Amino acid sequence: MNNDNLLDKLGPTTFERIRRTNEAGSDSWSSRDLSAALGYADYRNFEQVLVKAKAACFNSGQTLEDHFGDFTDMVEVGSGAKRAINTVLLSRYACYLVIQNADPSKEIVALGQTYFAIQTRRQELSDQETEDERRLMLRVELKLHNLKLADAAKDAGVIEPLDYAIFQNHGYMGLYGGLGAKDIHARKSLKKSQHILDHMGSTELAANLFRATQAEEKLRRDQIRGKSKANQTHREVGAKVRETITELGGTMPESLPVADSIKKLDERRRKAIDMPTQTE
């Protein structure tokens, strides 16, 4: 039986029925519902499983609040009356960790391990596809805006290729806390032949796109003239973007992970598009 068939068998009868979906389309499970589905007659015994799952989540480097949310649920106690009870809202990943720490002697636990392992992997693949699409889109946008930035820099007096390379370096230095292109290459362990922009994730590409668009607009709006003033302007814009990232509590671009070559990603996408549909 393949994974999809197994999910068809498991889903409607157990974990799919107790799944909750919010207005944003995110799925979650109540710890009370999950404990009952897993055959725990006494919720206090299940709370020990939650403690172990939270520890596993923390040790994996995840933020607990992203996967375990304490909230108050209302349950009927008879005659239409309701009582407030404390429960935990679990993400798909949290459910996976819970079931990994549940009583393995229960048959439903074994089925749940398979269900949430498959669902978690599905989500990982979906998230990766979304990240890949973002990278491709942002890389194209950045390429276009770099052309506009080069045109604005030329109007400011940055004409020779070497001068433009220096101008670009000032933008990087502002955004990357003083690191120039060579420094970024070294920091991210990139080879000399590898282009910095081709190995950025979507978050880093978006920061650089913002730098490029705002630098172009400021050069034109303030009618900047002269190479030195253009370089200074680009560096100030990069520094302002960095300041905004700091205020928002984001990760500095030089500390973001290196992504696979976007050229390889684009090649795989093109092959997938051009690949003829096979029929049985």
Can you classify the stretch 138-180 as rounded, prolate or oblate using the Cα gyration tensor, where a ≥ b ≥ c are the square roots of its eigenvalues, rounded means a/c under 1.5, and otherwise it's prolate if a/b beats b/c and oblate if not? oblate
If you build a Gaussian network model of the chain, linking Cα atoms that sit under 10 Å apart, which residue out of 210, 71, 167 swings the most? 71
Once the Cα atoms of helix 161-175 and of the chain are each reduced to a long axis, what angle between those two axes, in degrees from 0 to 90 to the nearest 10, is obtained? 40 degrees
About its Cα centre, how strong a charge dipole does the chain have in debye, to the nearest 20, once Lys and Arg get +1 and Asp and Glu get -1 at the Cβ? 880 debye
Between the helical axis of 227-247 and the dominant principal axis of the chain, each derived from Cα atoms, what acute angle in degrees is found, rounded to the nearest 10? 10 degrees
Do you know the Lys pair count in the stretch 129-268 for C-alpha distances under 12 Å, with sequence separation 8 or more or different chains? 4
Computed about the Cα centre, the charge dipole of the stretch 129-268 from +1 Lys/Arg and -1 Asp/Glu charges at the Cβ has a magnitude in debye, to the nearest 20, of 440 debye
Once both axes come from the Cα atoms, what is the angle between helix 43-59 and the longest principal axis of the chain, in degrees from 0 to 90, rounded to 10? 20 degrees
Test of understanding: what is the full-extension gain from residue 48 to residue 20, defined as 0.36 nm times their sequence separation minus their Cα-Cα distance? 7.8 nm
Going by how many other Cβ atoms sit within 10 Å of their own, how do 108, 99 line up, fewest first? 108, 99
Given 10 Å bins starting at zero, what is the percent of C-alpha pairs of the chain in each, up to the one with the largest pair distance? 6, 21, 22, 18, 16, 11, 5, 1, 0
Cα-only radius of gyration and Dmax that characterise the stretch 18-75, units Å: 12.4, 34
Evaluated over the stretch 129-268, the Cα radius of gyration and Dmax, each in Å: 14.6, 44
In the stretch 174-217, which residues have a backbone nitrogen under 19 Å from the label point lying 7 Å from residue 232's Cα in the Cα-to-Cβ direction? 174-175, 178, 215-217
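Each value in this text was obtained by applying a stated rule to the coordinates, not by laboratory testing. Since the structure is predicted, the reported quantities are computational estimates derived from the model, not experimental observations. Cβ coordinates were reconstructed from backbone atoms using ideal geometry, including for glycine residues, and neighbour counts include every protein chain displayed.
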